[in-house]
1. Of all residues in the range 200-219 being of a type in the set (A, V, I, L, M, F, W, C) and open to solvent by less than 10 Å² (accessible area, probe 1.4 Å), which is farthest from the chain's Cα centre (by Cα)?
2. Which members of the range 134-176 meet the condition of being open to solvent by 40 Å² or more (accessible area, probe 1.4 Å), touching a Gly at 6+ places or on another chain (Cβ under 8 Å) and assigned to a strand (DSSP E or B)?
3. Scan the range 157-178 and report the pairs whose first residue is among the acidic types (Asp, Glu) and whose second residue is in a strand (DSSP E or B) and buried (at least 17 other Cβ atoms within 10 Å of the Cβ), with Cβ atoms within less than 9 Å and a gap of 6+ or a chain change.
4. Identify, by number, the condition in (1) open to solvent by 50 Å² or more (accessible area, probe 1.4 Å); (2) assigned to a strand (DSSP E or B) that Gly196 doesn't meet.
Amino acid sequence: MEQIEQFFAAHWKETLLLLASIFLIRVVKFLLRMGRRRKELRKEKELEAIAWRDKQLDDEILNPERREGDVTEQKRPYQVFYTDKGAPGRKGNRDGGHLRGRIPGGSRSPGAAPNPDALLKVTEKTRLSRKLYTYRNSETMRVGNQYGNTGILAEGSGDAILYFEIFSHEGQFYIRSTGSVPVTVIRGGSRKELGGPAVLLRENDMITVLDRVYEIGFIQ
């Protein structure tokens with residue numbers, strides 16, 4: 001025992017340096033192991049995010065409406081764009097100008113009404129995607145809530161909550177709201193919440209309802 005004490009007394013510096021080296025090696029190994037683990041976790045999260053985005057995009061493209069195993073036929077978009085940007089800003093004042101002819105306070109004149117044979121082009125914008133639809137004069141576009149989701153409703157969706165509909169009358173497209181939720185039409189720099197009579201739609205009108213924005217255009 002005395003010899004051991006004498007050895008440590010004579011070589012305490014070397015012993016301390018050896019112990020410090022062992023401790024440092026263990027710390028480096030631990031840090032490297034933690035770094036690899038963080039990379040693995042980051043990679044797993046990236047793969048999960050990609051899988052989630054792919055699923056969201058598939059859902060946006062397919063527009064599934066399922067309930068108790070039944071699939072409802074629904075109008076399909078002809079183009080879908082995925083985006084991680086928010087819905088477009090809702091600019092304009094709140095002067096409540098009338099949406100017929102020129103709007104008082106508007107930043108520009110309203111777009112032209114369509115020709116009688118024009119097709120209605122609707123761009124549905126959400127936080128995740130932008131979907132493009134077209135409608136003929138014989139078709140009616142309905143937007144509401146079905147199965148807890150807000151969107152364009154299928155024909156014969158009797159159990160859905162209707163928010164608004166766009167229909168054709170004498171070659172012109174009109175919008176009318178049911179009043180179940182606020183529906184706003186933005187034209188130029190003015191906006192008006194719908195209610196009462198139907199409103200004639202113009203090129204570049206924007207319709208906002210909850211978290212959705214619908215941009216109106218026409219294919220002449």
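The values are calculated or read from the model by the stated rules, or taken from the named source; none is laboratory data. Note that this is a predicted model, so its numbers are computed, not measured. Methodologically, a virtual Cβ is constructed for each residue, glycine included, from the backbone with ideal geometry; neighbour enumeration extends over all protein chains shown. Heads up: the accessible areas ignore ligands, DNA and RNA and are worked out on the full protein's heavy atoms, side chains in. Shrake-Rupley method; radii C 1.70, N 1.55, O 1.52, S 1.80 Å.
1. The residue in question is Leu201.
2. Ile161, Leu162
3. Hits for this filter: Asp159/Gln146; Glu165/Met141; Glu165/Arg142; Glu165/Val143; Glu165/Gly144; Glu165/Ile175; Glu165/Ser177.
4. (2)
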